[in-house]
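The values are calculated or read from the model by the stated rules, or taken from the named source; none is laboratory data. Fair warning: this is a prediction, and the values are worked out from it, not measured in the lab. Don't worry about glycine lacking a Cβ; one is built from the backbone with ideal geometry, like all the others, and counts go over all protein chains shown. Areas reflect the complete protein model, heavy atoms only, side chains present, ligands, DNA and RNA absent. Shrake-Rupley method; radii C 1.70, N 1.55, O 1.52, S 1.80 Å.
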Amino acid sequence: MGVKLRGYQHDLQEGVVAKWQAGAQCVMMTTATGGGKTATMASTIANKCHGRGIVQAHRSELVGQLSIALAKEGVMHDLTCNPTVRRQIIDAHLDKLGRSYYSPRADWSVESVDTALRKPAKTGVDYVFQDEGHHVLYANKWGRALQMYPAAKWLLATATAGRADGKGLGAHSDGVVNALHEGPGLGQLMGQGYLVPYDILHPTASDLDLRGVHIGPNGEFNQAEVAQAVKQSNKIVGDAVAHYLEHARDRLCIVFAVDIEHATTLLKAYLAAGVAAELVTGKDLDTVRLSTMKRFERRETLVLINVDLFGEGTDVPGVEVVQMCRPTASFPLFVQQIGRMLRLDISAELMSMWEGLPIAERLNQIATSRKPRALLIDHVGNIFREFNICGLKYSGPPEGFSGWALDGKQKRNTGGAIPERICLGCYAPFMRFLSHCPNCGHAVPEPDEAARSDVKHVDGNLQWYNPELLAKMRAEIARVDGSPILPAGLSTEARIGAVKAWHARQKHQHYLRESIAQWAGRNAALGGDDVLYRLFYFKFGTDVLGAMALGASDAEKLKGKIDADN
């Protein structure tokens, strides 16, 4: 009995064990949402862990999923949770596996973090695993739950080894992790046929105004302010239903709402349109949520509207659509939400053979499966948002990001991270600065008109700037290169100082532009101007035209980075 691990999952498992053996107490294991972290954890327990242990999660849905994963590996385990929830999980064992693997005297147990903190520590515990490990900081409840077992080995699993608040997950920072072991990201798993590719619709509500919404110390939008902004929009609710009916009718959809009032309005609109929809929130009883999820899995409910629940951990392979009606400033949450729809929806028989199939055959099987492509419908502009990820700035589809680290934002190097994109022709990942897929030659699609007005939406490729943006930036460069423009009424001493500063800026700009030209010559073999513009943008964090308008100090710093990039 047991689930046969995929190659990359086996590598994850071996990497975790190796880091334990090398002396790390707490290892963080990360791979993309839908990459099978739960199955990898369960296999590690069954095959690599000798002794007693605990698996902790922070919601009943995750407790149930972890329990099923252990049951598939034949691991008997206790369930420390609400008795009714325990009964439902045991029933799921019987339904899926034909027998129950629940035993209150077993060496392993699955429990919620909140339950663990209310009870005394167990004795003789050798291992503690936590799902969604990006929650864990030394001083919060997840960290305290781990520290109840200071002599145990710890494993934290997550798809997003970073936090929106910029706090570091490493033991040298704000967290407890001694070593990070990374598996493949979203782009790699899509390209290799382990996740479903997806399309994006971005009908951002034209009357959504987030200009007055602040980002709090937790790295997320202020809840009250963002809820008010969303509910002042007259378009989001109607657009959500209309786009579902036009582009995703009868497909299984998870909707992210900003609060219960907003979710209720969405629910009424869906029901009025004749769509089988339900609402589920974190305030519902565990038993109510589990029952709702069963109806969703059976497709009795087609649209599941949620508030603060399904941003992580929910494993329903049939989900085909994610609809974003809630703005977020948190990149980890954004990634987790998109991940709800990317799991393969293929038969168990075919899945048992999946690892042995060539990549081309896996991709072909996905293309002819019940879910050949997923669909993201983003009504609130999350896909265009510039996220702050522990000091790194990033915007665009999450499969292009590859910058997880254990440091906090104060310790991150913000230069040089080049993301990937997914080829729309062969679905292979490739570096985002390239203009064509190196695997099949498929060209990168040109952005729509709305994107051409913003540098970050076109990756700094000035050939895609619209005329207004080009004119604005060139006017700023002309101002830098022209004669000093001094305010009226300056004293003689102030005028002399201003002129010196002006000429210093021009001098450093002259040196900077020489370095840019030399850098372009060194990299000319990589492609044409459009490739070099994008490469420059990703390497140095500014586009070429923006660089040519920098002040003296910033120009000098950028010149140093460019000269060092050999």
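Some points to look at:
- Extreme residue, positive dipole direction of the chain, given options Tyr102, Ile383, Gly193 (C-beta unit charges): Tyr102
- A crude spin-label estimate for the pair Ile496 and Leu271, with each label 7 Å from Cα along the Cβ direction, gives 7.9 nm.
- Each helix, a run of at least 4 DSSP H residues, gives -39500 (n - 2.57); summed and divided by the residues of the chain, these come to -12000 deg cm²/dmol at 222 nm.
- Label-point gap, in nm, between Lys294 and Met351 - each point 7 angstrom along Cα→Cβ: 2.0 nm
- For region 53-108, trypsin sites (Lys or Arg not before Pro) are listed when DSSP marks them as loop and at most 15 other Cβ atoms sit within 10 Å of their Cβ; the list is Arg99, Arg105.
- Carbon + sulfur, % of accessible area of the chain - ligands and nucleic acids excluded, 1.4 Å: 52 percent
- Solvent exposure, largest accessible area first (probe 1.4 Å, DNA, RNA and ligands not counted), of His135, His93: His135, His93
- Note on Ser291: accessible area approximately 40 square angstrom, rounded to 10, probe 1.4 Å, nucleic acids and ligands left out.
- Projecting the Cα atoms of Gly133, Ala224, Pro397 onto the charge dipole of the chain, computed from C-beta unit charges around the Cα centre, puts Gly133 farthest toward the positive end.
- Estimated FRET transfer efficiency when R0 is 41 angstrom, pair Arg522-Leu201 (beta carbons, to 0.05): 0.50
- The figure for Leu532 is an accessible area of roughly 20 square angstrom, using a 1.4 Å probe on the protein chains alone.
- C-alpha long axis of helix 60-72 to longest principal axis of the chain, angle in °: 60 degrees
- Neighbour cut-off at most 16 other Cβ (10 Å), DSSP loop, trypsin sites (Lys or Arg not before Pro), region 171-259: Arg211, Lys235, Arg249
- Once the Cβ-Cβ distance of Glu446 and Thr123 is raised to the sixth power relative to R0 = 51 Å, the FRET efficiency obtained is 0.20.
- Overall, region 1-153 carries a charge dipole of about 180 debye about its Cα centre when +1 sits on the Cβ of Lys and Arg and -1 on the Cβ of Asp and Glu, all other atoms neutral.
- Stokes-Einstein D in µm²/s, Kirkwood radius over Cα pairs - the chain at 25 °C with 0.890 mPa s viscosity: 95 µm²/s
- Placing +1 on the Cβ of every Lys and Arg and -1 on the Cβ of every Asp and Glu, with nothing else charged, gives region 245-342 a dipole about its Cα centre of roughly 180 debye.
- With DNA, RNA and ligands ignored, accessible area of Trp142 (1.4 Å probe; Å², nearest 10): 50 Å²
- Using alpha-carbon coordinates, inclination of helix 492-522 to the longest axis of the chain, degrees: 60 degrees
- Annotation: the antiparallel percentage among DSSP beta bridges lying fully within the chain is about 15.
- Across the options Gly541, Ala164, Met28, the greatest Cα extent toward the positive end of the charge dipole of the chain (unit charges at beta carbon of Lys, Arg, Asp, Glu) belongs to Met28.
- Centre separation in Å (Cα based) which lies between region 478-515 and region 226-268: 52 Å
- Euclidean distance between Cα centres, region 338-405 to region 100-172, Å: 27 Å
- For region 125-132, 3J(HN,Hα) computed residue by residue from phi via the Karplus equation (6.51, -1.76, 1.60; θ = phi - 60°) reads 7, 9, 9, 10, 10, 10, 7, 6 Hz, glycine and proline entered as x.
- Given +1 at the Cβ of Lys and Arg, -1 at the Cβ of Asp and Glu and no other charges, the dipole of the chain around its Cα centre is 960 debye to the nearest 20.
- With Cα atoms, 0 to 90° folded angle of helix 236-247 axis to the chain main axis: 70 degrees
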